[in-house]
Amino acid sequence: MKTGLVLEGGAMRGIYTAGVLDVFLEQGIKFDGVIGVSAGALHGCSFVSGQKGRSLRYFKKYRNDKHFMSWWSFLHTGEVVGKQFCYHDIPERLDPFDYEAFVRSDTAFYATCTNVETGKAEYIKITDMLSQIDAMRASASMPYVSRIVEYDGMKLLDGGCADSIPVEAFRKMGYDRIVVVLTREAGFVKKPENIRMAEIRYHKYPEFVHTLQNRHKVYNHSLEVLKEMEKTGEAFVIQPDKKMDISRMETDLNVIQQAYDLGSRDARIRMRALKEWMPQGNL
């Protein structure tokens, strides 16, 4: 039996997930595999490398640097998130990612991306963060405000476009019991998007446009699957009990701290139940 961890994205909402993961590290909770989507992948890799507090630390220190995430960056580079600053300067020099600890970890790690040519999700196993950093970047490259990332012969964007909550994919990989961290509140139902912009921006990729058109259906279907998995004891879900007051590009450090604290609080509240649910080998 393998136990997995699925991490939803959500741009700055993902700092909630970082709060949950830091409590998992503190409590010694382990997983056989982790699959992250967009921000979920970015915070999930620090969990696998065992770097408690890293996500919140560098968010608070660099969030309001124009090279981190800003319209200045978008106007000057075509990317709202700074490629060099976020994926090289910070992890390699300013707040070093523990590449060696990640490689040593027994936890398999996957980043979810969307293939813009096929419109399908790609679940990329990350074994070396340095050489595969573009796969991580692709997972978090939001449509419209990011350039398409070319990686391993594929053209990729944000994994949340094709599969925001990859529980079914992880189950097919052999993970029998799955903990899921969502950044949307309980009861959330995704609504259809206006895809006129998608038809204009991505007219060369009709399958990707189709994926964006059906994104809400796939998301809501995943929630239904997750409910059934909870009923059968296959899944354990941690999520906010109400909508978080944080924007996708939040700049207020107090709001970011509050979202992180909420994740920490929710993880602590559910910890006893989680430990009872988890196999002993993962504690």
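Worth a mention:
- Residue count, region 178-218 (criterion: touching a strand residue (DSSP E or B) at 6+ places or on another chain (Cβ under 9 Å) and charged (D, E, K, R)): 1
- Boolean, ARG268 is outside any loop (DSSP other than H, G, I, E, B), closer than 19 Å to LEU56 by Cα and open to solvent by 80 Å² or more (accessible area, probe 1.4 Å): yes
- Being open to solvent by less than 20 Å² (accessible area, probe 1.4 Å), out of contact with any Gly (no Cβ under 6 Å at 6 or more places or on another chain), β-branched (Val, Ile, Thr) and in a helix (DSSP H, G or I) is a description that does not apply to ILE35.
- Matching residues in region 251-264 - criterion: being more than 13 Å from GLN27 (Cα to Cα) and either touching a residue at least 60 places away in the same chain (Cβ under 8 Å) or not acidic (Asp, Glu) (or both): THR251, LEU253, ASN254, VAL255, ILE256, GLN257, GLN258, ALA259, TYR260, ASP261, LEU262, GLY263
- GLY263 being open to solvent by less than 90 Å² (accessible area, probe 1.4 Å), touching a strand residue (DSSP E or B) at 6+ places or on another chain (Cβ under 9 Å) and not in a strand (DSSP E or B): yes
- Scanning region 168-189 for residues that are open to solvent by 60 Å² or more (accessible area, probe 1.4 Å) and at positive phi gives a single hit, GLY187.
- Which numbered condition PHE59 fails, given (1) within 20 Å of ASP158 (Cβ to Cβ); (2) not in a helix (DSSP H, G or I): (2)
The values are calculated or read from the model by the stated rules, or taken from the named source; none is laboratory data. All values reported here derive from a predicted model rather than from experimental measurement. Cβ sites come from the backbone with ideal geometry, for glycine too, and all protein chains shown count toward neighbours. Only protein heavy atoms, including side chains, enter the accessible area calculation; ligands, DNA and RNA are left aside. Shrake-Rupley method; radii C 1.70, N 1.55, O 1.52, S 1.80 Å.
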